[in-house]
1. If we scan segment 1-9, do we find a residue that is under 19 Å from the mean Cα position of the chain (by Cα) and either modelled with pLDDT of 85 or more or of a type in the set (Ser, Thr, Tyr) (or both)?
2. Starting from segment 55-68, keep only residues that are without any contact (Cβ under 8 Å) to a residue 60 or more places away in the chain and closer than 19 Å to ARG28 by Cα, then list their pairs with residues that are of a type in the set (S, T, N, Q) and surrounded by 11 or more Cβ atoms within 10 Å (Cβ to Cβ) whose Cβ atoms are within a distance under 8 Å, requiring at least 6 positions of separation or different chains.
3. Give segment 15-37 a look and list any residue that's over 15 Å from LYS67 (Cα atoms) and either among the polar types (S, T, N, Q) or open to solvent by 70 Å² or more (accessible area, probe 1.4 Å) (or both), or say none.
Amino acid sequence: MPLETPVLLLVTVLGLVVGSFVNVLVHRLPIMIEQSLADEPASATLNLAFPASHCPHCQHPIAWRDKLPLPFAAEAKKGRK
């Protein structure tokens, strides 16, 4: 196996992780800024670590396998929906 293959795999996985984190930033950062400007109580605050990912409508937690990038999610679910 040439050296390019492991490096390419590492860069791909790193890109997926960074992309996932940027997605969280894009979603939560405006909400965090609005909360800080509105001076909402501490119990209702949102930050990058809490609460865990959940459905915005019913608040049901999202399973770890549903958070994986698409190629990895298909393998983890083994064809299930």
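The values are calculated or read from the model by the stated rules, or taken from the named source; none is laboratory data. The shown structure was predicted, so the numbers you read here are calculated from the model rather than taken from an experiment. No Cβ is skipped: glycine too gets one built from the backbone with ideal geometry, and neighbour counts run over all protein chains shown. The area values use the complete protein model at the heavy-atom level, side chains included, leaving out ligands, DNA and RNA. Shrake-Rupley method; radii C 1.70, N 1.55, O 1.52, S 1.80 Å.
1. No: segment 1-9 contains no residue that is under 19 Å from the mean Cα position of the chain (by Cα) and either modelled with pLDDT of 85 or more or of a type in the set (Ser, Thr, Tyr) (or both).
2. What qualifies is PRO61/SER53; ILE62/SER53; LYS67/SER20; LYS67/SER53.
3. Listed by number, the residues that qualify are VAL26, LEU29, ILE33, GLU34, GLN35, SER36, LEU37.
Quick grid of which residues meet (1) open to solvent by less than 90 Å² (accessible area, probe 1.4 Å); (2) out of contact with any Gly (no Cβ under 6 Å at 6 or more places or on another chain); (3) modelled with pLDDT under 85:
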| site | (1), (2), (3) |
| --- | --- |
| LEU48 | yes, yes, yes |
| PRO61 | yes, yes, no |
| GLU75 | no, yes, yes |
| LYS81 | no, yes, yes |
